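I have placed the structure first, in the form of structure tokens, so that the comments after it can refer back to it.
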Amino acid sequence: MLSRFGWLVAVVVVAATVLALGLNTTVRRAGTAGVALGPSSGEQVDSYLEHAALPAAGGPYWALATLRAELTASAAAAIPGPARLARVVLQVPIDRVQTAQLSIDLADQRDRAVDLQAAMRAAADQLQRTPAADDRAAAVTQVSVSRLRGDCTCVLAMLVHGSADELRVVAAQQSVRAVQAAPAGTELRALSVMPLLPEQTAVVAPLPDDGPIPAP
């Protein structure tokens with residue numbers, strides 16, 4: 001089964017692309033053809049949190065807001081504040097079970113709770129269409145799809161767009177663990193995101209996958 005940290009399903013409104021991102025995959029950083037937001041495999045968590053500093057001024061910037069724990073759509077709706085919400089990363093948390101990260105682009109019509117609930121349904125539909133590697137993966141998918149359709153506590157991170165001052169508003173919220181900004185002038189299409197997981201507290205590494213799979 002693919003690592004909970006290591007694979008991402010991206011859904012972009014009318015088109016969907018499934019990306020398999022292994023932990024050993026080389027990610028492109030600033031100064032190359034793309035910019036990756038999020039920690040690198042094997043990185044110390046404290047090191048990532050230290051270098052994920054906010055810009056002093058100016059903007060707007062694209063930034064990855066990583067949460068301390070997954071939230072519901074209604075709880076997560078206020079996180080972006082005055083910044084634009086462009087993408088949400090969803091993940092169904094199951095103790096000691098690796099689950100998929102699902103990245104959904106949003107139009108951000110300012111009714112964010114509704115938009116996030118719609119993103120969960122879109123993610124469930126896409127995940128259900130994704131072939132499972134084995135019986136365990138199929139069971140995890142079934143549970144994930146069921147919970148995503150039930151407005152679960154599944155919002156893991158958000159990609160926002162705002163000025164340095166607006167990003168500071170995001171970072172000041174108690175439920176936000178880190179806000180990492182891309183360099184000024186970075187285009188959305190050049191970004192890839194892989195958030196820090198709440199369970200990753202020392203080193204960025206795969207999480208255990210030996211827990212029982214609950215009923216849907």
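Binning the alpha carbon pair distances of the range 57-154 at 5 angstrom intervals from zero yields the distribution 2, 13, 24, 23, 16, 11, 6, 3, 1, 0, 0, expressed in whole percent. For the range 7-193, the percent of C-alpha pairs falling in each 5 Å distance bin, counted from 0 to the bin holding the largest distance, reads 1, 8, 17, 21, 21, 16, 11, 4, 1, 0, 0. For residue 177, the residues whose amide H sits under 5 Å from its own are 66, 67, 68, ignoring neighbours fewer than 5 places away on the same chain, with H placed 1.01 Å from N.
Each residue of the range 82-88 was assigned a 3J(HN,Hα) from its phi angle through the Karplus expression (A = 6.51, B = -1.76, C = 1.60, θ = phi - 60°), giving x, 6, 7, 8, 10, 7, 10 Hz with x at Gly and Pro. Among 161, 51, sorting on how many other beta-carbon atoms sit within 10 Å of each Cβ, with the fewest leading, yields 51, 161. Ordering 102, 156 by the number of other Cβ atoms within 10 Å of each residue's own Cβ, fewest first, gives 156, 102. The ranking of 187, 166 by Cβ neighbour count inside 10 Å, starting from the fewest, reads 187, 166. Residues whose amide H comes within less than 5 Å of that of residue 191, counting only those at least five positions distant or on another chain, are 35 (H built at 1.01 Å from N in the peptide plane). Summing Lys and Arg as +1 and Asp and Glu as -1 over all other residues whose Cβ lies under 14 Å from the Cβ of residue 203 gives a net charge of -3. Extending 7 Å from Cα along the Cβ direction at residue 107 and again at residue 130 yields two label points whose distance is 2.5 nm. Close amide H pairs (under 5 Å, H built 1.01 Å from N) link residue 207 with 4, 5, residues at least 5 positions away or on another chain.
We did not get these values from a lab; they are worked out from the coordinates using the rules stated. Everything numeric in this text was worked out from a predicted model, so none of it was measured. Counting neighbours? That spans all protein chains shown, and the Cβs are built from the backbone with ideal geometry, glycine included.
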